[in-house]
1. With bins 5 Å wide starting at 0, give me the P(r) of the stretch 315-358 over every alpha carbon pair, in whole percents.
2. If you take the charge dipole of the chain about its Cα centre, with +1 on Lys and Arg Cβ and -1 on Asp and Glu Cβ, which of Leu111, Asn408, Ser162 is farthest toward its positive end?
3. Run the helix sum for the chain: -39,500 (n - 2.57) per DSSP H stretch of 4+ residues, divided by residue count, reported at 222 nm to the nearest 500 deg cm²/dmol.
4. What is the distance, in nm, between label points placed 7 Å from the Cα along the Cα-to-Cβ direction at Glu107 and at Lys287?
5. Take Ser42, project a point 7 Å from its Cα along the Cβ direction, then tell me which residues of the stretch 217-231 have their backbone nitrogen under 15 Å from it.
6. Using the basic label-point model (7 angstrom from Cα toward the beta carbon), what is the Val14 to Lys296 distance in nanometres?
7. Per residue of the stretch 387-392, what does 6.51 cos²θ - 1.76 cosθ + 1.60 with θ = phi - 60° give for ³J(HN,Hα)? Whole Hz please, x for Gly and Pro, Karplus curve as stated.
8. If you count only protein heavy atoms with a 1.4 Å probe, what accessible area per residue comes out for the chain, rounded to a whole Å²?
Amino acid sequence: MERKEVKLTEEQKVIIACTGDMVVNAVAGSGKTSTMIAYAASRPASAKILYLAFNKSVKLEAARRFAESGLTNVTVETAHSLAYRHIMRGSAYQLSTQGYKTHQVAEMLALSGDGAKHTEFIIANHINKFVTFFCNSDKSKVQDLNYLDTVKETNAKKFVHSFYRVIEEGTRRFLARMDKGEIEITHDFYLKKFQLSCPQLIYDYILFDEGQDASAAMLDVFLKQQAIKVIVGDTHQQIYGWRFAINSLSKAPYSALHLSASFRFPPDIAGLAMAVLGWKDKLGEYKPVAITGKGKTTKTATKATIGRTNLGLLLNAINYITDNRKVKHIYFEGNINSYTYADEGASLYDVLSLYNNNHDRIRDKLIGTMQSIDELEEYIESTEDAQLGMMLEIVNEYGNEIPRILQNLKNLHTGDEDRSKAEMVFSTVHRAKGMEYDTVHLVNDFITEQKLDRILKEAAAAKEPVDKSKLNEEINLLYVAVTRARHKIYIPDSFVPADFPASAHIIKLRKDPRENIYGQSSKVLTRTTTVKKTIPGRTFVKEKSYPLEKKREENKEAYKPWTAAQDDELIYLYETENSLYDMATHFGRTRGAIISRLRKLGYYTE
């Protein structure tokens, strides 16, 4: 196949000409895959080249692009697919594709508490994390690690310190059961087995992508190879620290080269990305990053909403489809069902069942121990479990309309083959990594400069250490989200650094109850004319609108029965295409209550 000529920058030419091991620090959208393709193309056709991609979707895309370039001597793998072939094939191991939930670990190890509520679950939770910590480390024994070093919250530290022996012993027992094949093994486990086997891979060149999020285990395998090694990534896109990933770009002892020009977005979005990264100066030593924005697209074909968390994104998607009734197609990056679950396995349906006192329908063991929503709220407050908190917020907002709304989401969700039909793509920032969209809307669940300042100020006042690595990663998450945009970004004003100007490509959204992240403004709260509308059997006159505060005061008893006059008003507002947000605010009720009433009146259909 004839190879296409690609116009290379001077930075790319220097990288391609390098003959030894190297680190390539590449900013978002700088064409690192194109650079690696050009690098591979410049090597002898007889050379065996391994390209290690970050995940399966990146692997498939990279394999397609290498093949299109006629590079048949390049093998594309992920770290896990490589390890799977060496460890799993021919073995008697059975794989647990979903991993283990906290209650499963507690049951398998027959853990018992000390009489306090949920103690065995908390111990199991830490064992699960310690197993992941060990499997992703480069150590050969559990005892070579101090799990306590990974725990940052004061109360959690006290707990782990008190139960460390139990947690460590439970971790070793759990790993031993996997090693003996008594229970299914995890993806992390066979990767660890691969690292401990000290494999020698038969390649002349190894190109390791997304090195900033590599596990220490895989980096150990990579560094011990005899091949010429190239590790590529972006220091500021490290967002998997919670999975015990490390920034391998700073760990590899090779000369460092750079790709600083982004072909994805224009100069103003590049400036916004640099300004967000500038917050890191508050955390200590920070070297400013130079990003040159060379993107020139004017297309608006692909639109995406990106959130920090699964549930924050889900709440936004629910609001989007309920407030935009003409939407026909949406798309979720990844499995849509995964967005209704917290990391520990609790589902939105479990919280809804607790809300309705239907304890027999609760499947999650942890939620099943709760006696009421009040108890769940107390648990959320004491553990700062943001995911459960978001679930509770969704349940409080939509109540028993949730099953119908989620089914509506699934009905609107298009398959991979029809992804281009989606009027809006929904994705967490982790799933959006490596992706790009013409227009991006950010969900209001990322860190802000104000929150960062508050955390640092409170820590200083209390003379307590602050988890700077976690805060650094929170800034990285916002940077990654911002740099997914090719042409335009709608961003909450609180995310924009102080005094940073809006522009044709950066639309700042201020804190206004009448405006959402799609730039749509309320109709109800601004209508000032008198309108007369006749409904069969009744006549309805809509007088001029009240101030928002007066509306809330007059409708503060949100659960009072609906009157005939309110029904008429609700029907009018619905027929004149007001959003559910506006109608809920107008009546002082939840959106779920509005949907329920409209359905009873025969006006709301999915």
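The values are calculated or read from the model by the stated rules, or taken from the named source; none is laboratory data. The structure presented is a predicted model; accordingly, all values stated were derived computationally and were not measured. Don't worry about glycine lacking a Cβ; one is built from the backbone with ideal geometry, like all the others, and counts go over all protein chains shown. The area values use the complete protein model at the heavy-atom level, side chains included, leaving out ligands, DNA and RNA. Shrake-Rupley method; radii C 1.70, N 1.55, O 1.52, S 1.80 Å.
1. Result, from short to long distances: 5, 17, 20, 21, 19, 12, 5, 0 percent.
2. The residue sitting farthest along the positive end of the dipole is Asn408.
3. -12500 deg cm²/dmol
4. Simple spin-label model gives 5.1 nm for this pair.
5. Once the point is set 7 Å along Cα→Cβ of Ser42, 229-231 turn out to lie under 15 Å by backbone N, inside the stretch 217-231.
6. 2.5
7. Working through the residues one at a time gives 5, 5, x, 5, 4, 5 Hz.
8. Ligands and nucleic acids excluded, the figure is 48 Å² per residue.
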